[in-house]
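Data first, discussion second: the structure below is written as structure tokens.
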Amino acid sequence: MKEENFNSNTIINNIFLNLEKAAVDRKHDYHNCIFSNLDLNNQPTSRTVVLRSFNQKDNLLTFHTDYRSIKIKEIEKNNNCVILFYSETLKQQLRIKVLASIQNNNLITKKAWEKTQLMSRKCYLSSLSPGTEIKDSWDGLSNKLIGKEPTKNESEIGYKNFSVILNKIISIDWLYLSSSGHKRLLFNWKNGKRTDKWMIP
């Protein structure tokens, strides 16, 4: 990023552009991100998730998860969460505070499910909930699915386990790393209005 581009509007537009790209380009550094929240014991916990969509108009990020996952109950208890993005290519870090909401068996999930590839649908066909303790290594899938995709008909049973997590952006803490000097800018949204604050990196 060139020095003349260090103004808040250019920076936020660049952030939004990269989030849009990352949602559809699995090679983009932002495609895989870290979702952090508080567990049921109010202890921090994190995991890698895949960015599935970004809606600039509504300031929404989404990812998919199994409705049986423990993170569902955690989000129900406390939906204040953080999504962390880092791009080695862009030399930028985004710490995005969000309010997460769980979508299951509704128009939002139906639309997302129709766009989900069969290999991804396979993740929701496990006979056991994520995190279930087992005696030996096993993914919970039937033997007939080992090493292959399910058919579309076979995959449909997984829909009941499929959920979309909508993440409403509250703030974006942008950090740019450069040998000529790091830059940090905090964007906040309240009542539909954005405020920007430059900060020491």
Cβ-Cβ below 9 Å, separation at least six or inter-chain, first residue in the range 143-161 and touching a residue at least 60 places away in the same chain (Cβ under 8 Å), second among the charged types (D, E, K, R) and open to solvent by 60 Å² or more (accessible area, probe 1.4 Å): which pairs?
161/68
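Within the group 88, 4, 76, which residue is over 27 Å from residue 123 (Cα atoms) and at pLDDT 95 or above? Write out each step before concluding.
Numbers: 4 fails: at pLDDT 95 or above; 76 fails: over 27 Å from residue 123 (Cα atoms).
Result of the check over 88, 4, 76: 88.
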Output yes when any residue across the range 35-57 is of a type outside the set (S, T, N, Q), in a helix (DSSP H, G or I) and open to solvent by 50 Å² or more (accessible area, probe 1.4 Å), and no when none is.
no
Restricting to the range 155-183, what's the tally of residues that are more than 23 Å from residue 61 (Cβ to Cβ) and open to solvent by 60 Å² or more (accessible area, probe 1.4 Å)?
6
Exactly one of these conditions fails for residue 129: (1) modelled with pLDDT of 95 or more; (2) closer than 26 Å to residue 81 by Cα; (3) not acidic (Asp, Glu). Give me its number.
(1)
Anything in the range 1-35 that is more than 17 Å from residue 174 (Cα to Cα) and of a type in the set (Gly, Ala, Ser)? List them, or say none.
23
Give 172, 165, 200, 157 a once-over and let me know the one that is in a loop (DSSP other than H, G, I, E, B) and β-branched (Val, Ile, Thr).
200
Only one of (1) under 19 Å from the mean Cα position of the chain (by Cα); (2) closer than 25 Å to residue 84 by Cβ fails for residue 121. Which number is that?
(2)
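Just a yes or no: is a residue in the range 65-76 open to solvent by 50 Å² or more (accessible area, probe 1.4 Å) and either free of Cβ contacts under 8 Å to residues at least 12 places away in the same chain or over 29 Å from residue 138 (Cβ atoms) (or both)?
Looking through the range 65-76, none of the residues is open to solvent by 50 Å² or more (accessible area, probe 1.4 Å) and either free of Cβ contacts under 8 Å to residues at least 12 places away in the same chain or over 29 Å from residue 138 (Cβ atoms) (or both).
Tell me the residue from 162, 85, 63 that is in contact with a Cys (Cβ under 6 Å, 6 or more places away or on another chain) and among the aromatic types (Phe, Trp, Tyr), please.
Numbers: 162 fails: in contact with a Cys (Cβ under 6 Å, 6 or more places away or on another chain); 63 fails: in contact with a Cys (Cβ under 6 Å, 6 or more places away or on another chain).
One residue alone meets the criteria, 85.
The values are calculated or read from the model by the stated rules, or taken from the named source; none is laboratory data. The structure presented is a predicted model; accordingly, all values stated were derived computationally and were not measured. Every residue, glycine as well, gets a Cβ built from its backbone with ideal geometry; the counts of neighbours run over all protein chains shown. For accessibility, only protein heavy atoms count, side chains too; no ligands or nucleic acids. Shrake-Rupley method; radii C 1.70, N 1.55, O 1.52, S 1.80 Å.
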